[in-house]
1. Looking at Pro35 and the list (1) farther than 26 Å from Val169 by Cα; (2) free of Cβ contacts under 8 Å to residues at least 40 places away in the same chain, which single condition is not satisfied?
2. Do the conditions hold for Val45, that is, is it among the hydrophobic types (A, V, I, L, M, F, W, C), closer than 29 Å to Pro180 by Cα and in contact (Cβ under 8 Å) with a residue 40 or more places away in the chain?
3. Only residues that are in contact with a strand residue (DSSP E or B) (Cβ under 8 Å, 6 or more places away or on another chain), over 27 Å from Leu139 (Cβ atoms) and at pLDDT 90 or above: list them for the range 72-91, please.
4. Determine whether Tyr129 is hydroxyl-bearing (Ser, Thr, Tyr) and part of a helix (DSSP H, G or I).
5. With the requirement that a residue be assigned to a loop (DSSP other than H, G, I, E, B) and surrounded by 17 or more Cβ atoms within 10 Å (Cβ to Cβ), what does the range 132-164 give you?
6. Which one is surrounded by the fewest Cβ atoms within 10 Å (Cβ to Cβ) among residues in the range 30-58 that are modelled with pLDDT of 90 or more and among the small types (Gly, Ala, Ser)?
Amino acid sequence: METLESGPYTLAYLDIAPDDGRRREIIDGGLYVTPSPSRIHQRAVVQLSSTLNVARPAGFEVLVAPFDYRPTSKRSLQPDVLVCNPDEHGAKHAKKPLALAVEILSPSTKMLDLLLKRGVYEQAGVRSYWILDPDKETLTVLELVDGAYLERDVVAGEKVFEATLPFPVQVIPAELLRAP
């Protein structure tokens, strides 16, 4: 992950940024640029988004990065996988609190995902935040309770996670990472 020092950056910058395959996110004037993800990262994105899409009730929408979530006029994030609420369709960017944000850890984004993005998602009212660690084959599930994230579960390997938020779905971390 690369943090560019000059700034502050605004969301208008994202409209003129070069299309070079790198992900750009802005948090309170800071620009965070990350390289293209690895194969295992992309495999997990595809598998998880497919699993969520099959289980989603009518109205919910499952999307993957690059798609901007802009909870404030100074923040634009791109969760690896996100679930939008039924009342927010057709917008160029998601603005309302997400039903779910998922980040898949990689060496270049680990600290950003575990610390900064966790706080931003929590402040924005994202109901559930999942963190998938491919190296450990773990899924950490955080749920918003009274404005703060509580760790609901940590599942590893072949263990089944029975999600209730954003909707009922079964997730097995090892299956998300397995090559076809």
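The values are calculated or read from the model by the stated rules, or taken from the named source; none is laboratory data. Since the structure is predicted, the reported quantities are computational estimates derived from the model, not experimental observations. Here Cβ is always computed from backbone atoms with ideal geometry, including for glycine, and neighbour counts include all displayed protein chains.
1. Looking at each condition in turn, Pro35 falls short on (2).
2. Here the answer is yes, as Val45 does meet what is asked.
3. Within the range 72-91, Lys74 is the sole residue that qualifies.
4. Details: hydroxyl-bearing (Ser, Thr, Tyr): yes; part of a helix (DSSP H, G or I): no.
No; evaluated as a whole, the condition is false for this residue.
5. Taking the range 132-164 first, the residues assigned to a loop (DSSP other than H, G, I, E, B) are 134-137, 146-147, 157-160, 164.
Once the filter is applied, which keeps residues that are assigned to a loop (DSSP other than H, G, I, E, B) and surrounded by 17 or more Cβ atoms within 10 Å (Cβ to Cβ), the range 132-164 yields Pro134, Glu137.
6. Ala58
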